[in-house]
Amino acid sequence: MTTRRTKRVTLTFRHPFSLKGVDRQLAPGNYEVVSDEELIEELSFPVYRRISTLIFVPGDAYRKSSIEMINIDPAELKAAHERDQAMPVQQ
C-alpha cells in the first residue's frame, strides 16, 4: 500500500502573472495550490516525494463561474510567486 499525503496552501499574487500550461495571464488574487506526495518506502526514515502540484484558477472570460484545476511545475510556481513578491506594490 502506498502512503500518500496532500498539502494545501494559498498563495497571494499582487500582480498579474503567467504560468506554463495556462493559456492566459492570471489576475492578482489568492490561489489555492494542492500538492500530492507519496512516501518512499525503501528508506528507514519517512521521506515523501511530490507526485503532482495543482493550482485552482478561475475559468476564462466565457466561463467565469467555473474553476479550473491545472497541473503545474512547482519550481515555476515558486519562481512566479517570488517575482511577484519582489515587485513593488502599486498604489
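Just so it is clear, none of the values below were taken in a lab; they were calculated from the coordinates. Note that the structure is predicted; figures quoted are calculated from it, not measured. Ideal geometry is used to build each Cβ from the backbone, glycine not excepted, and the neighbour counts take in all protein chains shown.
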Legend entry - Bins of 5 Å, starting at 0 and running to the largest distance - Cα pair percent for the chain: 3, 12, 21, 21, 14, 13, 8, 5, 3, 1, 0
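Of all the stretches in the chain, which is the longest one without any exposed loop site, taking GluC sites (Glu not before Pro) in a DSSP loop (any state but H, G, I, E, B) with at most 12 other Cβ atoms within 10 Å?
Numbers: sites that count: Glu41, Glu42.
Longest run free of exposed loop sites: 43-91.
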